[in-house]
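Participant: One structure, as structure tokens, below. Some questions next.
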Amino acid sequence: MTQRQRRKPGETRDKLMEAALTLVGKGRHFASLGIREVTRQAGVVPTSFYRHFRNMDDLGLQLVDQLGLVLRRMMREARGNVLQADKLIEESVTIFISHVEANRSFFFFMAQGLAGESRAVQDAIRSEMRFFASELANDLRRMRLVEHLSDGDLELTCDLVVRTVAFTLTDLLNVAPDDDYQIDQIRQRTARFLQLIFVGAAHWNSRTQVGNP
């Protein structure tokens, strides 16, 4: 039996996904990648691509699923480590940055996908962001930190938090992983952005705003 025949089910699929991420991590834009380039990077024949994916958009959607797992691990870590309300923002930002540093290719893919040419990939990433915002809202309710906000205003606040962090992502990815000074500057600036959001939310009265009951 040859080495190719001995490959486990899913091994080629994983190689193709890893190859696409590797190319993205080297500076290539996912939207510009071709099937032959990805299969060459993966060390497999082009025809094997179609046994696992219909096209590059399909591969991109599978990468979004994997990105979702990364984001969920990040949420679990934040829930397990952020125990004091006054440390919520600072420690959450630190956890976010550590996950970006550990999964730079995934987050390069995320940043590209948000403004990419593939509507399917863009919509899938935005769906993950909405899920993240919804989970953040649930956590804030559980911690009883924003009880004065209506459900609608809480959802908007969490959406703004997620959008702010996603915007900051581009700054972080443009910094060398070993540039501790610049990374710390981004950490402090991101924490200040979020502090300003929550200060505003703390003084927001849902009942007196136009359009609210």
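Participant: Using a Förster radius of 30 Å, what is the FRET efficiency between GLU155 and SER48 based on their Cβ-Cβ separation? Nearest 0.05, please.
Facilitator: Computed FRET efficiency for GLU155 and SER48 comes out at 0.10.
Participant: Each residue of segment 112-121 in turn: what ³J(HN,Hα) in whole Hz from Karplus with 6.51, -1.76, 1.60 and θ = phi - 60°, glycine and Pro shown as x?
Facilitator: Result, rounded to whole Hz: 5, x, 5, 10, x, 7, 7, 5, 5, 5.
Participant: For segment 12-54, which whole-number percentage of the solvent-accessible area (1.4 Å probe, protein heavy atoms only) is attributable to carbon and sulfur atoms?
Facilitator: Carbon and sulfur atoms account for 47 percent of the accessible area of segment 12-54.
Participant: Could you work out the relative contact order of the chain? I mean the mean sequence separation of Cα pairs under 8 Å and 6+ apart, divided by the number of residues, in percent.
Facilitator: Relative contact order for the chain comes out at 19 percent.
Participant: Please compute the per residue accessible area over the chain with all protein chains in place, 1.4 Å probe, rounded to a whole number of Å².
Facilitator: 58 Å²
Participant: Next up: Compare the Cα positions of LEU69, GLY152, PHE49 along the charge dipole of the chain (+1 at Cβ of Lys, Arg; -1 at Cβ of Asp, Glu; about the Cα centre) and return the one farthest towards the positive end.
Facilitator: PHE49
Participant: Hey, another quick one. Describe numerically, in nm with one decimal, the distance between label points set 7 Å from Cα along Cα→Cβ at PHE131 and at ALA31.
Facilitator: 2.4 nm
Participant: To the nearest 20 Debye, how big is the dipole of segment 104-213 about its Cα centre, given +1 on the beta carbon of each Lys and Arg and -1 on that of each Asp and Glu?
Facilitator: The calculated dipole for segment 104-213 is roughly 260 debye.
Participant: May I ask you to give the percent of accessible area on segment 98-213 that is carbon plus sulfur, with a probe radius of 1.4 Å?
Facilitator: 53 percent
Participant: Under the 0.36 nm per residue contour assumption, what length would be gained going from the current alpha-carbon distance of TYR181 and LEU69 to full extension?
Facilitator: Extra length from TYR181 to LEU69 when fully extended: 37.4 nm.
Participant: Using a simple charge model, +1 on the beta-carbon of Lys and Arg, -1 on the beta-carbon of Asp and Glu, nothing else, what dipole does the chain show about its Cα centre, in debye to the nearest 20?
Facilitator: 920 debye
Participant: To continue, here is another question. Please identify the longest segment of the chain free of exposed GluC sites (Glu not before Pro), where exposed means a DSSP state other than H, G, I, E or B and no more than 15 other Cβ atoms within 10 Å.
Facilitator: 1-116
Participant: Can you compute 3J(HN,Hα) from phi for each residue in segment 155-169, using the Karplus curve 6.51 cos²θ - 1.76 cosθ + 1.60 with θ = phi - 60°, rounded to whole Hz and x for Gly and Pro?
Facilitator: These are the phi-based 3J(HN,Hα) values: 4, 5, 4, 5, 5, 5, 4, 5, 5, 5, 5, 5, 5, 5, 3 Hz.
Participant: Suppose every K and R has +1 on its Cβ and every D and E has -1 on its Cβ; what is the size of the dipole of segment 36-77 about the Cα centre, in Debye to the nearest 20?
Facilitator: Charge dipole, segment 36-77, about its Cα centre: 120 debye, nearest 20.
Participant: Applying 1/(1 + (r/R0)^6) with R0 = 30 Å to the Cβ-Cβ distance of ALA202 and ARG104, what FRET efficiency is obtained, to the nearest 0.05?
Facilitator: Values: r = 34 Å, r/R0 = 1.14.
For R0 = 30 Å, the calculated efficiency reads 0.30.
Participant: For a test of the definition: using alpha carbon positions, the gyration tensor, and the 1.5 limit on a/c, classify segment 113-179 as rounded, prolate or oblate.
Facilitator: oblate
Participant: Would you mind computing, in nm to one decimal, how far apart the modelled labels at ASN138 and GLU11 are, each placed 7 Å from Cα along Cα→Cβ?
Facilitator: So the two model labels end up 3.7 nm from each other.
Participant: Calculate log10 I(q)/I(0) of segment 14-86 for q = 0.16, 0.22, 0.25 Å⁻¹, where I(q) comes from the Debye formula with a single equal point scatterer on each Cα and nothing for solvent.
Facilitator: -0.60, -0.92, -1.11
The values are calculated or read from the model by the stated rules, or taken from the named source; none is laboratory data. Just so it is clear, the structure is predicted and the values come from calculations on it, not from any experiment. We place every Cβ from the backbone using ideal geometry, glycine too, and count neighbours over all the protein chains shown. Calculation scope for accessible area: heavy atoms of the full protein, side chains included, ligands and nucleic acids excluded. Shrake-Rupley method; radii C 1.70, N 1.55, O 1.52, S 1.80 Å.
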